[in-house]
Amino acid sequence: MKFSHFFAAPLSILLVAGVARAQDSQKYGPNPDLPEPQRGLLPDMSVPEPAEWGDQLPTVPDGYTITAIATDLKVPRQTLVLPNGDILVAEGSGGNAPPLKPKDFIAGYIKSQGTTSVESGNRLTLLRDSDDDGSYEEQTVFAENLNAPYGLALVDNNLYVANQDAVVRFDYEEGQTEASGSPEIITLLPSEINHHWTKAMTASADGDYLYLGIGSNSNITERGMAAEVSRAEVWEIDADTGMHRPYATGLRNPTALAIQPDTERLWAVVNERDELGPDLVPDYLTTVQDGSFYGWPFSYWGQHVDPRVRPQNPEKVESAVVPDYSLGSHVAPLGLAFSIPEMGDEFAEGVFIGEHGSWNRSDPVGYQVVFIPFRNGEPDGDPIDFVSGFLTEDGKTRGRPVGVTIDPEGALIIADDLTNAVWRVTYDGDE
């Protein structure tokens, strides 16, 4: 299968040919070695130039097969597997944050070179495999005229969608191929300024609550603390009434949330701050504890004070929780899904994480889906490259993984917002 992209010509002086294994220099796990902060007039900024797939496919481990089950989408971000096996895809791109400084214009330009030129879909697309052959031959628009939809959750007959400005609810009946009516607004979300616009979402195990991630409005409070009210938080929302409260704070940009099977604990992946050097600050995977503070903006990785913040807050720094697991700096995790035994013995216990990839290092990192093994319910071991090949040997990028989801049969579903496709990875079983 061939894929095509159409991109504006890049500013070559700013695009660096990296290597796919640059991430080997990163530090992982619960106790990463953190270097001294590096500060300069401008951070290292580069993004791999987009390239076509041609006849190539992403690389998966032996015993696994990857196929594109949907193409020509409009910025697919997150997916949800419905009870009958249909897949909903949230398509869209948002944001509303005017640049503050010259570096913001430069960073915005560089980042734009690694994104699709396709217009935001602002919709949900439904994929259906009617004959169970893995091809998902039916593709219909389930709902449209949304506002940069991202997080998705299904509770009984209620389908929740986290737009960039509100959580809305659709009535859902199994087998529907399109929504039966307009959605109901459950609760409005902070959106007057949307520096980090994505609103990650998952439902509690009992379905009573929705957990929603809201990113900060800046890298490190450049817009002032008033712009950060109700930002850099995970909210707990009553799924019936929309009433909500801050569940955890100080998470700079919680981009994906998931409930751990058996323990029912809430986990998140978080994009940390920039401009402290190529190896700071680690993005991370962590449990999200009720009432806890995770450091932003005053500190990172526990009690490491960020000297740029004024005024300082030693009391908040002292209370900051250390995250569970470093993913390495600037990998930009945007997807999180707990595995199941049907994924095969090596990948039966742990999480899959979609890494969208860096723009703020001279050597690119991320641009892949990794597996973090767990033991006894906790992360245990280094990341394993599960889906790679998005970065080419000459330092270009064919795709950028975002959301990841596991279907009940043991297939990994990956949204790719550069290829504008959804990939499906299946386990071939023991030979």
How many of the residues making up region 296-311 are assigned to a loop (DSSP other than H, G, I, E, B), open to solvent by less than 70 Å² (accessible area, probe 1.4 Å) and free of Cβ contacts under 8 Å to residues at least 60 places away in the same chain? 2
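Suppose we filter region 349-366 for residues that are among the aromatic types (F, W, Y) and not in a loop (DSSP other than H, G, I, E, B); how many remain? I'd like the intermediate steps shown before the answer.
First, pick out the residues of region 349-366 that are among the aromatic types (F, W, Y): 352, 359.
Imposing the further condition that a residue be not in a loop (DSSP other than H, G, I, E, B) reduces the set to 352.
Residues meeting the conditions: 1.
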Determine which single condition D394 fails, assuming it passes every other condition in (1) closer than 24 Å to L34 by Cβ; (2) assigned to a loop (DSSP other than H, G, I, E, B); (3) open to solvent by 10 Å² or more (accessible area, probe 1.4 Å). (1)
Flagged in region 117-143 as open to solvent by 60 Å² or more (accessible area, probe 1.4 Å), polar (S, T, N, Q) and either touching a Ser or Thr at 6+ places or on another chain (Cβ under 9 Å) or in a strand (DSSP E or B) (or both), in numbering order, are Q139
List the pairs whose first member sits in region 224-243 and is over 23 Å from V269 (Cβ atoms), whose second member is outside any helix (DSSP H, G or I) and among the aliphatic types (A, V, I, L, M), and whose Cβ atoms are under 6 Å apart, counting only residues at least 6 apart or on separate chains? A227/I193; G242/I186
Collect the residues in region 78-90 that are farther than 11 Å from N122 by Cα and not in a loop (DSSP other than H, G, I, E, B), keeping them in residue-number order. Q78, T79, L80, V81, I87, L88
Filter region 166-204 down to residues that are within 21 Å of the chain's Cα centre (by Cα) and either open to solvent by 50 Å² or more (accessible area, probe 1.4 Å) or free of Cβ contacts under 8 Å to residues at least 12 places away in the same chain (or both) and give me whichever is nearest to V404 (Cα to Cα). H195
Which of the following residues is modelled with pLDDT of 95 or more, farther than 24 Å from N376 by Cβ and not aromatic (F, W, Y): V317, V321, V270, V288? V317
Does N158 satisfy the condition of being under 19 Å from the mean Cα position of the chain (by Cα) and not hydrophobic (A, V, I, L, M, F, W, C)? no
The one condition in (1) in contact with a helix residue (DSSP H, G or I) (Cβ under 8 Å, 6 or more places away or on another chain); (2) open to solvent by 10 Å² or more (accessible area, probe 1.4 Å); (3) without any contact (Cβ under 8 Å) to a residue 24 or more places away in the chain that F293 fails to fulfil: (3)
Checking V365, V331 in turn, the sole residue that is modelled with pLDDT under 95, under 27 Å from Q38 (Cα atoms) and either in contact with a helix residue (DSSP H, G or I) (Cβ under 9 Å, 6 or more places away or on another chain) or open to solvent by less than 10 Å² (accessible area, probe 1.4 Å) (or both) turns out to be V365
Determine, yes or no, whether V370 is aliphatic (A, V, I, L, M) and either outside any strand (DSSP E or B) or open to solvent by 20 Å² or more (accessible area, probe 1.4 Å) (or both). no
From the set of residues in region 61-77 that are assigned to a loop (DSSP other than H, G, I, E, B) and within 20 Å of the chain's Cα centre (by Cα), which is nearest to D129 (Cα to Cα)? T71
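The values are calculated or read from the model by the stated rules, or taken from the named source; none is laboratory data. The structure displayed is predicted, hence computed values, not measured ones. In this analysis, Cβ positions are derived from the backbone assuming ideal geometry, glycine residues included, and neighbour counts consider all displayed protein chains. Heads up: the accessible areas ignore ligands, DNA and RNA and are worked out on the full protein's heavy atoms, side chains in. Shrake-Rupley method; radii C 1.70, N 1.55, O 1.52, S 1.80 Å.
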